[in-house]
Amino acid sequence: SIHGALIAAQVSFGGGAVVGKFGVHGTNPALFALIRECVAGPLLCAAAYLKTGEKLLRRDWPRIVAAGAAIFLNQFFFILGIKILDPVSGSAWQPTQPIFTTLLAIAVGYETASLRKLLGIAVAVGGAIFMVVVHSSSGESQALSFSTLVGHSLFFLNCLGTSCYIILTKDMLMRYRAVTVLGWSYIAASFMMCITVVIVNDTPALLSFVCADASAVTQQHM
């Protein structure tokens, strides 16, 4: 059942890249992510309270804020990556999350390094580098090539954010249900996303970069 849940999660991540591409077309991706988190956070917290009645201890709030930052990084960079690149690239990056998680787990002492694990990490990293290099040099103009490189970098940070969340919440999941930790982490992430939306909207250069297609859509309807 554990492996089935993990497979379902990876399939959902891949499908989310396709659905997300339609959602951010002609819109501000940061605002799109903010709406998702503002809806998901309260719903998850309500579900957790109704199901378990759990309340977070004050000493766990710093860890929740850190976990929220990891979710913020995951959601923000994923939405930006989808905006810049295609959903196929976004889906191709998602299987790297277990690799990053293993690497971080070894770094913090949750896992022990072994030749088998290190070889798996090396193969995965090599595949990611190959995908970025080939995609960035596939006959595109210099501007498009730079945009492609930025998009892949965003997906890298997106997947790294997921792995950081898993590591940061490992201890907490021994004391709370997963839905409780996830719900409050989303609440924390929504505050961070709100601040980001304000900064993006007040910075013309950033707004132009993340909403390049929005102006084109507006002009078509004028």
Extreme residue, modelled with the lowest pLDDT, among residues of segment 172-222 that are surrounded by 12 or more Cβ atoms within 10 Å (Cβ to Cβ) and of a type in the set (D, E, K, R): Asp213
Number of positions in segment 108-128 that are open to solvent by 70 Å² or more (accessible area, probe 1.4 Å) and in a loop (DSSP other than H, G, I, E, B): 3
From the options Arg58, Arg36, residue that is surrounded by fewer than 20 Cβ atoms within 10 Å (Cβ to Cβ), under 14 Å from the mean Cα position of the chain (by Cα), under 21 Å from Tyr165 (Cα atoms) and at pLDDT 75 or above: Arg36
From the options Gln75, Gln94, residue that is in a helix (DSSP H, G or I) and at pLDDT 80 or above: Gln75
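The values are calculated or read from the model by the stated rules, or taken from the named source; none is laboratory data. Source: prediction; values computed, not measured. Neighbour counts run over all protein chains shown; Cβ positions are idealised from the backbone, glycine included. Calculation scope for accessible area: heavy atoms of the full protein, side chains included, ligands and nucleic acids excluded. Shrake-Rupley method; radii C 1.70, N 1.55, O 1.52, S 1.80 Å.
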